[in-house]
Amino acid sequence: MYASREDIGYDFGDDSKVGSKPVKPNPNIDGGWAWMIVLSSFLVHILIMGSQMALGILNMEWLEEFNQSRGLTAWVSSLSMGITLIVGPFIGLFISMCGCRTTAIIGGILNALGWILSAYASNVHYLFLTFGVTAGIGSGMVYLPAVVMVGQYFQNRRALAQGLSTTGTGFGAFLMTALLKHLCTEFGWRNAMFIQGAISLNLCVCGALMRPLSPKELREKYVVGNDSEENQAKALSQSTETIKSNGVLGEEPDKKEEAANEEVLDSVQHIEIGGKSGSGRSMYGLRLFKTVSQLTVTVRKGFALWYSSYFGAASLFTNRVFVAFIIWALFAYSSFVIPFIHLPEIVKQYKLSRQDNVFPLTSIIAIVHIFGKVILGIISDLPCISTWNVFLMANFTLVTCILTLPLMQTYIGLAVVCALIGFSSGYFSLMPVVTEDLVGTKHLANAYGIIICANGISALFGPPFAGWIYDITQKYDFSFYIAGLLYMVGIIFLLIQPCIQKKQSREKSTEEAQV
């Protein structure tokens with residue numbers, strides 16, 4: 001059923017500033033180079049998220065090699081997954097200063113280095129540093145730009161574009177599971193990690209494809225987006241209270257910062273003009289000074305935007321529904337990660353290895369996950385459907401599957417539940433869309449960085465917690481039950497906060513009408 005912006009307690013800012021003069025759509029918005037951005041993001045999801053979803057294979061190799069407890073060994077995978085997401089807010093600072101392209105290329109080099117160094121691990125603690133921290137930070141530096149760039153290049157087809165790009169996680173989980181199995185069998189896990197490190201250098205190519213939009217192109221996107229009634233009807237904007245009390249996020253600080261930046265660059269320009277008659281050495285010094293000044297201006301501007309988003313008067317945390325979204329993210333991701341890390345062990349425990357070798361349960365999740373992301377993206381882009389409602393329904397389905405998975409002890413039963421987990425977890429493609437609707441495109445990098453940071457905390461502690469519970473009870477049942485219940489708490493926060501927001505908005509409207 002269609003849910004308008006009033007139904008969930010949101011209001012829009014004044015669009016009167018947008019002129020009525022028709023603006024010619026930019027061919028690169030929702031088309032043209034935008035599809036190359038989708039391809040780049042798709043490959044990033046294969047190489048990063050897909051590889052992380054296949055870590056159950058390496059986890060079994062590490063258990064056998066180092067002979068440590070399941071809880072301790074699971075920390076390697078958890079650190080890699082968790083740090084990839086936890087560094088989100090700091091990667092947002094990098095993006096504000098350097099841009100998505102540079103950030104992604106540096107991250108690709110760092111990720112490959114982490115895989116290669118891990119091939120020489122002598123113990124689990126060594127893997128904590130090389131694979132967990134080094135590869136994890138590198139993954140985060142590529143992952144966030146890949147998501148943000150898709151949000152920048154798409155307006156009318158955001159959900160579909162994010163769905164197509166994030167299907168790389170499903171393809172990657174399927175491909176990387178088969179690849180790592182083959183490499184570990186043929187060459188051993190050490191050589192497998194070395195080869196995977198070489199493959200990960202392709203992340204630098206993906207980063208090079210992330211051509212930034214010019215300020216003019218971004219303005220055209222905003223104007224065209226504001227002229228579209230369909231997008232307005234489906235968007236989730238900031239709450240009325242936040243907009244009235246703080247104004248547009250970061251608008252005034254940006255103006256002051258730009259004025260200061262212009263003064264710096266003007267002074268440099270005057271010096272350069274005055275020094276043209278000087279020697280070649282002087283001109284070289286002036287050019288170097290100009291480059292440093294421009295770099296300083298860029299860093300100052302990026303830091304100002306990052307700081308105002310988190311700590312300024314118009315902080316993202318003043319948006320109550322966004323805060324509820326963060327609380328949900330703290331509990332949600334572990335419910336999806338735990339099955340991927342521990343399913344191979346569960347299959348072995350239930351003596352279902354023969355069937356699982358024919359068609360692994362993790363591959364079932366991965367394949368159906370692909371269709372789930374695309375189908376949920378297409379449904380969410382329909383004019384009569386609310387993205388928010390689709391997002392909530394998928395969450396309810398996933399938490400139900402997590403709670404019922406321990407009850408299935410046959411391969412068919414586990415396969416059905418895994419298929420449902422794969423489809424419902426397709427809501428991951430809607431997370432950037434919902435986040436952008438909450439805070440706007442300008443603050444998407446910082447806001448989504450916070451969300452994936454919360455997801456990272458969830459991923460960091462989820463699998464080790466499940467392994468620790470197993471070490472105590474010799475069963476995984478309680479791990480899934482506790483994870484499912486915590487997940488349900490997060491969903492309740494998502495349901496309650498918009499209702500409170502809606503009630504407060506109506507009460508304010510009534511008071512204003514009476515006055």
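Computed quantities for the displayed model
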{"read-out": "Gyration tensor (alpha-carbon) shape descriptor, segment 316-508, a/c threshold 1.5", "value": "prolate"}
{"read-out": "Solvent exposure of segment 27-212 as accessible area per residue, Å², 1.4 Å probe", "value": "33 Å²"}
{"read-out": "Residue-span extension gain [Leu495 to Glu65] - 0.36 nm each, minus C-alpha spacing", "value": "150.2 nm"}
{"read-out": "Dipole in debye (nearest 20) - segment 316-508, about Cα centre, beta carbon charges: Lys, Arg +1; Asp, Glu -1", "value": "280 debye"}
{"read-out": "Net length gained if the chain between Thr185 and Thr410 were fully extended (0.36 nm per residue, minus Cα distance)", "value": "78.3 nm"}
{"read-out": "3J(HN,Hα) from dihedral phi, segment 414-424, Karplus parametrisation 6.51/-1.76/1.60, rounded to Hz, x for glycine, proline", "value": "5, 5, 5, 5, 5, 5, 5, 4, x, 5, 5"}
{"read-out": "Å² per residue, accessible surface of segment 316-508 at 1.4 Å", "value": "36 Å²"}
{"read-out": "Theoretical gain in end-to-end length, Lys348 to Ala178 [0.36 nm per residue, Cα-Cα removed]", "value": "59.4 nm"}
{"read-out": "Amide H within-cut-off set for Ser386, under 5 Å, with H built and near neighbours excluded", "value": "Ala3"}
{"read-out": "Among Ser41, Ser96, Phe154 the positive-end extreme of the charge dipole of segment 27-212 (Cβ point charges)", "value": "Phe154"}
{"read-out": "For segment 27-212: relative contact order, % (alpha-carbon pairs under 8 angstrom, 6 or more apart)", "value": "42 percent"}
{"read-out": "Accessible area of segment 27-212 belonging to carbon and sulfur atoms, whole % at 1.4 Å probe", "value": "69 percent"}
{"read-out": "Solvent-accessible area, 1.4 Å probe, carbon plus sulfur percent, for segment 316-508", "value": "74 percent"}
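The values are calculated or read from the model by the stated rules, or taken from the named source; none is laboratory data. In this text, all values refer to a predicted model and were calculated from it rather than measured experimentally. Here the Cβ is made from the backbone with ideal geometry for all residues, glycine too, and neighbour counts use every protein chain on show. Areas reflect the complete protein model, heavy atoms only, side chains present, ligands, DNA and RNA absent. Shrake-Rupley method; radii C 1.70, N 1.55, O 1.52, S 1.80 Å.
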